[in-house]
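Bear in mind that the values in this text are calculations on the coordinates, not laboratory data. Here the structure is a predicted model, which means the values were calculated and not measured. Note that we place each Cβ from the backbone using ideal geometry, even for glycine, and neighbour counts take in every protein chain shown.
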Amino acid sequence: MPPKQRQIRMEQKGALAAMQALESRSDEELEAESKQRAAAQAILGARAAERYDAKAARAHFQKAIAAARPQERMQLRRMADASLALAERRAGDLKVAVEKLGQEAPSNRQLFLLKVSGLLVPPPGSSVLARVRGVALLILIVVVLLLVGFLAATVVTLPFGGASIPWRVLLGVLILTAVFVVLYFVGRRRQANARAARAG
């Protein structure tokens, strides 16, 4: 029994090593890959999931599982579950699927953002009600942000005697733009630091 377990573990490592070796290839090169077809299709499925294209992700993972050896299929199914949960923005299922893969689950903030994005931009095939709700929420968020920017501009211009409403609206938009640019660069830096920490 122990030799068989060791063989399965080695073959799983081989599949993971193949995926790591293929990571840097383009989608076209992965589509043309024949020797490591299961690994190539799994990577394409994961990439489709990152684009929130659940239909393409599901098709790629079905091909990956069909091309895989029996002892690799369970791991590929777990990868498919995690990728499809991401593509369909199912935060709770994503957390469970990632933990089954033996990886660190996304943070609560990341899961919350995924839930919000699922509400704002429902996955393809959602009901009309879900899409209408998404549009209504987007409009509400824009209105709230403009109101916050307008109030901030009002506070900023008060010491200078105030400003007309159009100028306050314009200044509010500029303040919001500056805040989002700062948040974008801070987020990129945190992602880069997290990637460097994982690589280290």
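A few notes on this one:
- For the chain, the longest principal axis of the alpha carbon atoms and the long axis of helix 70-87 meet at an angle near 10°.
- Length gained when the stretch VAL179-ALA194 is fully extended (0.36 nm per residue, less Cα-Cα span): 3.2 nm
- Intensity falloff of segment 128-199 expressed as log10 I(q)/I(0), Debye formula with alpha-carbon point scatterers, at q = 0.20, 0.21 Å⁻¹: -0.84, -0.87
- Within segment 82-191, GluC sites (Glu not before Pro) in DSSP loop having at most 12 other beta-carbon neighbours inside 10 Å: GLU104
- With respect to the chain, whose longest principal axis is taken over its alpha-carbon atoms, helix 108-120 is tilted by about 70°.
- Charged-residue dipole, Cβ positions (Lys, Arg, Asp, Glu), the chain about Cα centre, Debye nearest 20: 520 debye
- Leading residue at positive end of dipole, segment 128-199 (Cβ point charges), from TYR184, SER164, VAL142: TYR184
- For segment 56-111, a Kirkwood radius taken over Cα pairs fed into Stokes-Einstein (25 °C, viscosity 0.890 mPa s) yields D = 212 µm²/s.
- A simple charge model with +1 on the Cβ of Lys and Arg, -1 on the Cβ of Asp and Glu and nothing else charged puts the dipole of segment 128-199 at about 480 debye relative to its Cα centre.
- Note on LYS55/VAL142: beta-carbon distance plugged into 1/(1 + (r/R0)^6) with R0 of 41 Å gives a FRET efficiency of 0.90.
- If R0 is taken as 30 Å, the Cβ-Cβ distance between SER26 and GLN103 corresponds to a FRET efficiency of 0.75.
- Nearest 10 degrees, 0 to 90: helix 54-67 Cα axis against the chain principal axis: 10 degrees
- Protection proxy ranking for 50-61, 149-160, using the average of other Cβ atoms within 10 Å per residue and placing the highest first: 50-61, 149-160.
- Computed [θ] at 222 nm, deg cm²/dmol, the chain (DSSP H ≥ 4; -39,500 (n - 2.57); rounded to nearest 500): -27000 deg cm²/dmol
- Förster radius 25 Å - calculated FRET efficiency between SER34 and GLN71, Cβ distance, rounded to 0.05: 0.75
- Cα shape, segment 28-68, gyration tensor, a/c 1.5 rule: oblate
- Along its principal axes, the chain has C-alpha extents of 82, 44, 33 angstrom, given from the largest down.
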